[in-house]
Amino acid sequence: MELCQLTAHELKDKLVQKEITATDILDSCLQRVAQVETQVKAFVTLTEESARETARAVDEKGDYRGLAGITCALKDNLCTKGIRTTCSSRMLENFVPPYDATVVRKMKDEQAVILGKLNMDEFAMGSSTENSAFFPTSNPWDLERVPGGSSGGSAAAVAADEVIYALGSDTGGSIRQPAAFCGVVGMKPTYGRVSRYGLVAFASSLDQIGSLTKDVTDCALVLNLISGYDKMDSTSVNAEVPDYTRFLVPDIKGFKIGVPREYFQAGVDERVKEVIKQALLKMEDLGAMVEETSLPHTEYALPAYYIIAPAEASSNLARFDGVRYGLRDTEAENIIEMFASTRARGFGPEVKRRIMLGTYALSSGYYDAYYLKALKVRRLVKEDFDRAFARYDVLAVPTTPTVAFKIHEKSDNVLSMYMSDIATIPINLAGVPALSIPGGFVDGLPVGLQLIGKPFAEGTILRVAYTFEQNTDYVGRKPKLGVN
Ligand code: GLN
């Protein structure tokens with residue numbers, strides 16, 4: 001196996017043993033990028049030079065603590081000082097932030113080797129990465145299929161072994177859904193666990209940064225790195241961050257796993273259901289108690305999300321007006337025209353749709369009927385989870401109703417695209433943590449098993465996921481892409 005195909009913890013062992021250097025890892029990843037990137041198209045920006053400098057500096061110091069010296073990349077909505085941060089939008093095509101997001105600063109402090117910025121749906125709105133204003137990314141398992149979205153570049157880059165791990169953001173499923181489609185491990189932490197400072201806001205009450213990794217151990221390592229209170233984010237929570245690797249124990253005897261039946265209803269592919277059923281039988285074999293349960297308000301989560309998320313987006317995206325930063329139409333005759341034409345040119349169709357939806361839902365006369373109502377529904381969805389977690393340690397459901405779909409298959413059908421997040425959106429509304437792990441395969445395509453936990457119980461999720469990983473062989477399977 002090439003170095004780029006290994007996990008962060010395997011590489012870390014080799015670094016510590018002085019068998020390899022950070023530069024070796026970077027070289028291997030760069031070679032892989034040269035082989036497969038024209039097919040996968042995961043990167044918006046490559047930062048080879050600065051990655052080389054960091055790798056050289058780590059090797060000189062020879063101190064490989066944490067994730068030092070491991071090659072990784074970032075979704076392009078995380079602000080990087082001096083490196084453009086586009087959100088895959090024409091609006092920010094040439095935007096170079098003057099500061100680093102808190103998670104980026106943490107990675108730099110640890111001397112992570114950041115190889116670049118990854119493609120996404122414009123402003124993180126979408127489920128296929130087809131909404132990127134630049135180009136679509138392909139799924140490494142089948143280049144004619146989408147990698148999922150909106151963190152499609154992050155999932156594809158990890159699945160294709162172009163980088164060892166990546167960061168993404170998840171507002172309604174954007175880490176877990178692409179992780180499921182690309183056969184990698186994706187974690188959306190509890191709302192407030194990770195600072196959002198420097199993450200370009202989509203829907204602030206739902207957005208959370210998380211990881212895309214090749215296995216569960218790497219997920220724990222990245223969570224260790226990015227978690228924690230930050231005074232720059234008033235919604236980050238000042239709670240102790242455990243060492244998440246302590247939860248990597250292959251034992252779930254006596255664990256109570258709830259399986260909400262609403263996640264297996266109409267629209268879920270029978271083959272996906274079967275894979276999840278088998279995964280649950282495995283958990284039972286391993287000594288867990290698996291029981292059907294109900295989250296009765298599940299069906300209202302998607303409609304509530306498509307009021308709340310666009311409402312917040314319409315407000316967050318008001319800042320892109322051609323005045324402050326980003327694109328400006330310099331030909332407009334007056335300022336009102338300048339606002340309008342800048343936004344008309346800078347935003348793609350899905351972003352415009354969200355802004356219109358959100359502005360409508362917030363307008364006077366409709367505010368109570370739509371926005372306020374949606375907030376009440378959100379509370380009911382959250383209470384479903386509270387009740388379930390009084391009984392269960394984790395909940396287990398499919399991450400997505402289907403395996404990765406074909407490029408263009410849903411791009412003209414907005415509602416069917418929205419439906420692909422039906423199993424991930426309730427989790428964001430409730431603010432709880434969840435992880436997607438490869439749970440099996442259908443016709444050679446990965447299926448995601450989603451494990452949902454109590455607030456701040458990422459450790460419990462990791463333990464269940466780790467036990468499953470250690471007792472199955474789905475994690476670590478590689479797509480037949482390029483030279484394997
Ligand atoms: N697909 C969902 C949406 O389009 C979720 C996106 C996300 O999590 N960023 O809003």
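Quick check on the range 28-93: take the gyration tensor over C-alpha atoms, sort the square-rooted eigenvalues as a ≥ b ≥ c, and tell me if it's rounded (a/c under 1.5), prolate or oblate.
oblate
How far is it, in nm, from the label point at Lys352 to the one at Ser294 when both lie 7 Å from their Cα along the line to the Cβ?
4.4
Where Rh denotes the Kirkwood radius from the mean inverse Cα pair distance, what is Rg over Rh for the range 192-345?
Radius of gyration relative to Kirkwood radius: 1.10.
Based on a Kirkwood Rh over C-alpha pairs, give the Stokes-Einstein translational diffusion coefficient of the range 348-454 at 10 °C and viscosity 1.306 mPa s in µm²/s. Walk me through the intermediate numbers first.
Details: Rh = 16.2 Å.
After rounding, the answer is 98 µm²/s.
Just name one of Tyr360, Gly198, Met283: the one whose Cα is farthest towards the positive end of the charge dipole of the chain (beta-carbon charges, Lys/Arg +1, Asp/Glu -1).
With unit charges placed on the Cβ atoms, the residue in question is Tyr360.
Can you give the FRET efficiency for Arg65 and Arg391, using 1/(1 + (r/R0)^6), R0 = 41 Å, r = Cβ-Cβ distance, to the nearest 0.05?
Efficiency computed from Cβ-Cβ geometry: 0.55.
Could you size up the charge dipole of the chain around its Cα centre, putting +1 on the beta carbon of Lys and Arg and -1 on that of Asp and Glu, and report it in debye to the nearest 20?
760
Over all distinct alpha-carbon pairs, what is the Kirkwood Rh of the range 202-289 in angstrom?
Taking the inverse mean of 1/r over all distinct Cα pairs, the range 202-289 comes out at 16.5 Å.
Sorted from fewest to most neighbouring beta carbons within 10 Å, what does the list Leu327, Leu11 look like? Each step should come with its number before you reach the end.
Working: Leu327 21, Leu11 25.
Ascending number of Cβ neighbours within 10 Å: Leu327, Leu11.
Calculate the spin-label point distance for Asp473 paired with Leu143, positioning each point 7 Å from the Cα along the beta-carbon direction, and give it in nanometres.
For the pair Leu143/Asp473, the computed spacing is 2.8 nm.
Mean separation of Cα pairs under 8 Å and 6+ residues apart, divided by the residue count of the chain: what relative contact order is that in percent?
18
Can you give the direction-averaged projected area of the convex hull of the alpha-carbon atoms in the chain, in nm²? If you can, show how the numbers build up before the last one.
Values: hull surface 85.7 nm².
Projected over every direction and averaged, the Cα hull of the chain covers 21.4 nm².
At a 10 angstrom cut-off on C-beta neighbours, averaged per residue, how do the peptides 199-212, 297-310 rank from highest to lowest?
199-212, 297-310
Could you tell me the calculated FRET efficiency between Met232 and Lys406, based on Cβ-Cβ distance and R0 = 60 angstrom, to the nearest 0.05?
On the way: r = 41 Å, r/R0 = 0.69.
The value I calculate is 0.90.
Quick one: Cα centre-to-centre distance for the range 172-189 and the range 385-422, in angstrom?
Going from one Cα centre to the other spans 11 Å.
Set the Förster radius R0 to 56 Å, insert the Cβ-Cβ distance between Tyr360 and Lys256 as r into 1/(1 + (r/R0)^6), and round the FRET efficiency to 0.05.
So the FRET efficiency works out to roughly 0.85.
What distance in nm lies between label points placed 7 Å from Cα along the C-beta direction at Tyr99 and Glu274?
5.3
Run the numbers on the range 173-321 and let me know its relative contact order in percent, using alpha-carbon pairs under 8 Å that are six or more apart.
Reported as a whole number, the value is 22 percent.
A short reminder: the numbers here are calculations on the coordinates, not readings from a lab. All figures in this text were calculated on a predicted structure; none of them were measured in a lab. Here the Cβ is made from the backbone with ideal geometry for all residues, glycine too, and neighbour counts use every protein chain on show.
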